[in-house]
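The structure under discussion appears below in the form of structure tokens.
Values quoted throughout were computed directly from the atomic coordinates according to the rules given, and no laboratory measurement underlies them. From a predicted model like this one, the values you see are computed outputs, not experimental measurements. Here the Cβ positions follow ideal geometry from the backbone for every residue, glycine too, while neighbour counts run over all protein chains shown.
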Amino acid sequence: MNRGTTLAKTENMREIWLLGFVVMIVGLGSSTAFALDPMGPPMANLKQGQFELGADYSYSTMDLKLNKGTYVEYIDGGFNEAGEAESFTLKNFKTNRVYANMGYGFADNWGAFLRVGGANAKFGDSIWEAGERFDGLTDFSIGLGAKATFYEDDNLKIGGLFQVNWSELDGKLKPAGWPTFDYPGADCVEIELAEIQLAVGPTYKLTDNVLIYGGPFFHFVDGDLDDVYSDIERETGFFLTSKYSWAIEETSTFGGYIGARVEFTENCSFDIEYQHTSAADAFGVSLMWRF
């Protein structure tokens, strides 16, 4: 095979990858929900026309404000009552996320990436304060973002990033026991969570294969939590169904993060980082291969 044929096939492969990348980004319009994801160095990772594939993992815990609550209650299928539900803070909301990550360099100083994977969540007795716990199912999660380099000089780069993610986290709330019911019924919780992260900062080449990075970032959270409970009342035998709904709002919007990148080879790297705000902490790792 001659060189011209090889180059032509390589270019065709790049065009196919880019087309697939764009199609997946357009498909995000059908996604539902966001949580703290790894950010990596706040700079462009790729040269123009370069691709990146890899895997991300993050673990985060945060406090979430649940406001604008409402409830409606039915007995034996008939309306009983409705009203406002008390606002509260959902504490120690823990999420685990695993992604496949694909990026593309649109220019030497900026690029974009797409994440596709799964997430689950856990939290304790914040809703009813009755010893209950929520163990969520593993649900589909997706995100995207972009990075840019603003300044470069020898071993120092200064840049920024923007990223979002969506997740729908479903599961059952398992109480220690309800005093007015013969047996615990189905208490189903649905969470639609949305997060946005904006960061700027330096990346410094400490050695030939080690980079350190970090800086301040803004963190925005939005979403909804619905709790639907059904059971048979002990004394009357009535079938009770109640639905509670709250709007999720962030408890903090500003924080900082720090991390390190180890370059195993020219095209393979590993990131490890820690993120913190007054209401959230996160740990993240990424393994990436560039080509």
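Extending 7 Å from Cα along the Cβ direction at Y274 and again at A130 yields two label points whose distance is 3.9 nm. Packing here is the average count of other Cβ atoms within 10 Å per residue, and on that basis the peptides 189-198, 227-236, highest first, run 189-198, 227-236. When each of the peptides 66-78, 50-62 is scored by the mean number of other C-beta atoms lying within 10 Å of its residues, the order from highest to lowest reads 50-62, 66-78. Excluding same-chain neighbours fewer than eight residues apart, the lysines reachable from K65 by a Cα-Cα span under 27 Å are K91, K94, K122, K172, K174, K243.
Averaging sequence separations of C-alpha pairs under 8 Å and six or more residues apart, then dividing by the length of the range 158-291, give the relative contact order as a whole percent. Worked out over the range 158-291, it gives 19 percent. When Rg and the Kirkwood Rh are both derived from Cα coordinates, the Rg/Rh ratio for the range 101-219 amounts to 1.20. Packing around the peptides 128-138, 267-277, taken as the average count of other Cβ atoms within 10 Å per residue, puts them in this order, highest first: 267-277, 128-138.
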